[in-house]
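Here is the structure we will look at.
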Amino acid sequence: MHSPFVFDFILNVLNNKAGYHPTGVSENLRRQLLNNQSVLELQDLGAGSRVDKQKQKTVAELAKAAVKPKKYSQLLFRLVKHYQPSTIIELGTSLGITTSYLAEANPNAAIITIEGSQPIYELAISNFKKLELQNITALNGNFNTMLPSVISQLPVIDLAYVDGNHLYHPTMQYFHQFVEKSNNNTILVFDDIHWSPEMERAWIEIKSHSAVRCTIDIFFMGFVFFKNEFKEKQDFLIRF
């Protein structure tokens with residue numbers, strides 16, 4: 001590994017040699033939700049699930065299937081802990097567990113998270129209150145209509161995490177909007193980059209964009225960097 005930046009990313013973010021560890025409050029919440037049998041009426045505004053089209057689910061089912069596993073939630077925690085982004089946008093709040101990891105990693109960050117389904121959004125709001133997280137602004141609505149107004153109010157986006165609407169055209173639309181507010185230190189994270197042919201196509205196009213200097217593909221997630229230290233574009237595929 002000849003890139004100092006990528007070597008540092010592997011060492012301290014992927015492998016956690018820096019010893020970044022969350023307090024455990026988010027995992028306590030996850031355990032509570034996994035035992036919650038309350039039923040929610042679902043509203044899916046994106047690609048949805050290829051295998052599960054239920055319009056009703058228990059909170060426990062959502063916590064098991066729709067929330068990022070502990071391994072990846074903690075990875076995002078380390079990402080924020082290491083780079084300390086000040087402005088974070090999350091597309092796809094779900095039950096708010098991943099959001100809480102982001103918030104805990106940098107309590108001084110301003111986090112804006114958007115969820116399309118109102119019942120899920122309302123439960124996430126309740127979860128943020130339980131955890132007494134003060135640095136999260138949660139919004140409910142369609143990403144396509146809400147994101148432009150959110151971005152227009154920000155001078156720069158330090159980190160964006162996209163975990164929703166896994167379709168080619170919306171994904172590329174979000175990417176181009178983020179690029180407009182990116183700088184040398186901006187990090188974009190796209191979830192499920194190999195989830196479907198459409199996401200594969202989007203990921204290939206994102207990697208080829210002229211502003212992108214480096215990407216890291218860990219299969220379930222793709223990381224995008226704009227650092228001008230990379231004189232030549234570099235793409236890495238790393239087992240995680």
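The values are calculated or read from the model by the stated rules, or taken from the named source; none is laboratory data. Just so you know, these numbers come straight off a predicted model, no measurement behind them. Quick reminder, even Gly has a Cβ in these numbers, built from the backbone with ideal geometry, and neighbours come from all protein chains shown.
Looking only at the stretch 197-217, count how many residues are assigned to a helix (DSSP H, G or I), of a type in the set (A, V, I, L, M) and under 15 Å from PHE178 (Cα atoms).
The total comes to 2.
Scan the stretch 157-165 and tell me whether some residue there is outside any strand (DSSP E or B), more than 19 Å from THR93 (Cβ to Cβ) and at pLDDT 95 or above.
no
How many residues does the stretch 129-147 contain that are in a helix (DSSP H, G or I) and within 24 Å of GLN56 (Cβ to Cβ)?
Matching residues across the stretch 129-147 total 2.
Right, THR137: buried (at least 21 other Cβ atoms within 10 Å of the Cβ), of a type outside the set (Gly, Ala, Ser), closer than 30 Å to ASN184 by Cβ and free of Cβ contacts under 8 Å to residues at least 60 places away in the same chain or not?
No: the conditions fail for THR137.
Among the residues of the stretch 218-240, count how many are surrounded by 13 or more Cβ atoms within 10 Å (Cβ to Cβ) and either in a loop (DSSP other than H, G, I, E, B) or small (Gly, Ala, Ser) (or both).
Number of matching residues: 9.
Out of contact with any Ser or Thr (no Cβ under 7 Å at 6 or more places or on another chain), crowded, with 21+ Cβ neighbours inside 10 Å and among the β-branched types (Val, Ile, Thr) - does that describe any residue in the stretch 165-183?
Looking through the stretch 165-183, at least one residue is out of contact with any Ser or Thr (no Cβ under 7 Å at 6 or more places or on another chain), crowded, with 21+ Cβ neighbours inside 10 Å and among the β-branched types (Val, Ile, Thr).
Under 8 Å between Cβ atoms, at least 6 apart or on separate chains: pull out the pairs that start in the stretch 84-101 with a residue that is closer than 13 Å to ALA124 by Cα and end on any residue that is aromatic (Phe, Trp, Tyr) and in a loop (DSSP other than H, G, I, E, B).
none
Out of all the residues in the stretch 142-151, is one or more aliphatic (A, V, I, L, M), within 22 Å of ILE97 (Cα to Cα) and without any contact (Cβ under 8 Å) to a residue 60 or more places away in the chain?
The answer is yes, given that some residue of the stretch 142-151 is aliphatic (A, V, I, L, M), within 22 Å of ILE97 (Cα to Cα) and without any contact (Cβ under 8 Å) to a residue 60 or more places away in the chain.
Let's see how each residue does on (1) out of contact with any Asp or Glu (no Cβ under 9 Å at 6 or more places or on another chain); (2) more than 24 Å from ILE218 (Cα to Cα); (3) not charged (D, E, K, R):
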residue	(1), (2), (3)
TYR72	no, no, yes
LEU79	yes, no, yes
PRO85	no, no, yes
SER100	yes, no, yes
ASN108	yes, yes, yes
PRO119	no, yes, yes
SER126	yes, yes, yes
LEU133	no, yes, yes
ASN142	yes, yes, yes
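Only one of ASP158, ASP191 is touching a residue at least 60 places away in the same chain (Cβ under 8 Å) and under 13 Å from MET221 (Cα atoms). Can you tell me which?
None of the other options fit; the residue is ASP191.
Out of everything in the stretch 182-240 that is hydroxyl-bearing (Ser, Thr, Tyr) and over 24 Å from GLY92 (Cβ atoms), what residue ends up being nearest to the chain's Cα centre (by Cα)?
In this case the residue turns out to be SER208.
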